[in-house]
1. Using only alpha carbon pairs under 8 Å that are at least six residues apart, calculate the relative contact order of the chain and give it in whole percent.
2. Contour minus end-to-end for THR483 and VAL255, with contour as 0.36 nm per residue of separation and end-to-end as the Cα-Cα distance?
3. Please return the longest range in the chain lying between exposed loop sites, taking GluC sites (Glu not before Pro), DSSP loop only, at most 12 other beta-carbon atoms within 10 Å, and leaving the sites out.
4. Quickly estimate the mean residue ellipticity at 222 nm for the chain, helices only: each DSSP H run with n ≥ 4 gives -39500 (n - 2.57), and the total goes over all residues, rounded to 500.
5. Give the angle, between 0 and 90 degrees and rounded to the nearest 10, that separates the Cα long axis of helix 369-378 from the longest principal axis of the Cα atoms of the chain.
6. Which FRET efficiency value, to the nearest 0.05, do you get for ALA169 and TYR242 by plugging their Cβ-Cβ distance into 1/(1 + (r/R0)^6) with R0 = 25 Å?
7. Can you give me the relative contact order of the stretch 19-170 as a percent, contacts being Cα pairs under 8 Å and 6 or more apart?
8. Going by the alpha-carbon gyration tensor, a ≥ b ≥ c the square roots of its eigenvalues, is the stretch 163-259 rounded (a/c under 1.5) or, if a/c is not under 1.5, prolate (a/b greater than b/c) versus oblate?
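The values are calculated or read from the model by the stated rules, or taken from the named source; none is laboratory data. Note that the structure is a prediction, hence the values are computed from the model and not measured. Note: ideal-geometry Cβ built from the backbone for every residue, glycine included; neighbour counts use all protein chains shown. Ligands, DNA and RNA are excluded from the accessible area calculation, which covers all protein heavy atoms including side chains. Shrake-Rupley method; radii C 1.70, N 1.55, O 1.52, S 1.80 Å.
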Amino acid sequence: MEMLQKYKPLGVLLTLIAVFFSPTLFASGGTMDLTSHGIGYAALLIFGIAYALVMLEDVIHLRKSKPVLVAAGIIWAMIGYYAMQHGMNHEAEAAFRHNLLEYAELFFFLLVAMTYINAMEERQLFDALRAWMVNKGFTLRNIFWLTGILAFFISPIADNLTTALLMCAIVMKVGGKNTKFIALACINIVVAANAGGAFSPFGDITTLMVWQKGMVPFADFFQLFLPSAVNFLVPAIIMSFYISKEVAQGDGEVVHMKPGAKRIVGLFLMTIFFAVMGHSFLGMPPVLGMMTGLGLLQFFAFFLRKTHKSHYDRAIENTDDVKEHERLRTLGDGAPFDIFGKVAKAEWDTLLFFYGVVLCVGGLGFIGYLSLMSTAMYADPAFTTWANILVGLLSAIVDNIPVMFAVLSMEPSMSEGQWLLVTLTAGVGGSLLSVGSAAGVALMGQARGIYTFGAHLKWMPVIALGYAASILTHLWLNADLFTKFVH
């Protein structure tokens, strides 16, 4: 109260909000029931406005983290003030801290993964792969399949956004003025990257959340490999018939990986191993293994800095080629590997957006809306499969992160087969529309004017066929998991 007296405008504003709306409050088990209360309606409205701005990011060029950060602050301010008036301060604080802890674990996990990916990119690992593919003399149809297959298999380890951008760069390089090829290849990459991310705990934020929550054991995620492959292959096979077999023209570019590129890949795989083993055998959160891996990367960065100059000096002594001599000298005079530079280049907008979403959805859950949704969607066990399919369709319109976090916050009683189903649909459902996933939105910017919302929409029936086929494949292959309950 002292703080509110000191800052009277804030106190007046929050008081008006509390007084304007109905004073009815039902507390049960440390949660509020404000679902039919004005504060609840206001929270929904605020979140809806914030998310409308998120969906318009590509049009208004407002970064998606900004509106959800503000929305989270307002929602929890209303909850906190109302809880203070009704003696529920501790419950509200505990709920906020619970959501913050969930976010913190995922934040550090993702930060380490992003740092490793940025380190590989700086060591020119991805550029070397791109140059190799461009100059190999493949046909456009070969490139279509290679970029799709690589996107499918790289995204389970790297994130689907980075994977999609890398493959799109290859497509743009070899496609030239062939806009039809570029558009189809981009659609294929988006579908492949999202499908590949669905069968690995590391492939997408939604799968990571499901694993960290303990709903599905690590090894069981790979039961989704064949359904994910079907999701990618069905539309890819159909679209490939519309790709010509002309030979792609390379530019002869040669890219040399910088020292330590392959060892960083090895350290990243070791870090993943630490995270999996720590969680599976020691019962510790996966973030422990990831942060340990970040420490190893820091040690290796120290080694690269110390050996930077001597490495290039030796390389210069062992070459007689004038151009190569100059290239090596330029690299040797350049800045050495900087680990904190890689941390700084993490997708901070995505990480902050994730904070806003987790806190907004957590606030709506504390108000009582998630309980209502859980009752509506999962009360009837016979409707559970359709509810999980609906989650995938919803993720094509709304980002899959808040959708999956909402489902996890509801904690419906579902079999492992159903948890895998919702993981699959939330992961691949975003492929139905170009704006349904981060990969699609990013590629619309990278291939601006070629890969567009309309171009993707034209092939949505084919993608939807793959979506349906992947669900049927899961229901058939993993039928035994629908009687297995984790909790």
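1. Working: 707 pairs, mean separation 106.4, N = 487.
It comes to 22 percent, rounded to a whole number.
2. This chain segment gains 76.9 nm when fully extended.
3. Excluding the exposed sites themselves, the longest stretch runs over 1-245.
4. Working: 24 runs with 348 residues, N = 487.
That comes out to -23000 deg cm²/dmol.
5. 70
6. My answer for the efficiency is 0.70.
7. It comes to 13 percent, rounded to a whole number.
8. Because a/c hits 1.5 or more and a/b fails to exceed b/c, the stretch 163-259 counts as oblate.
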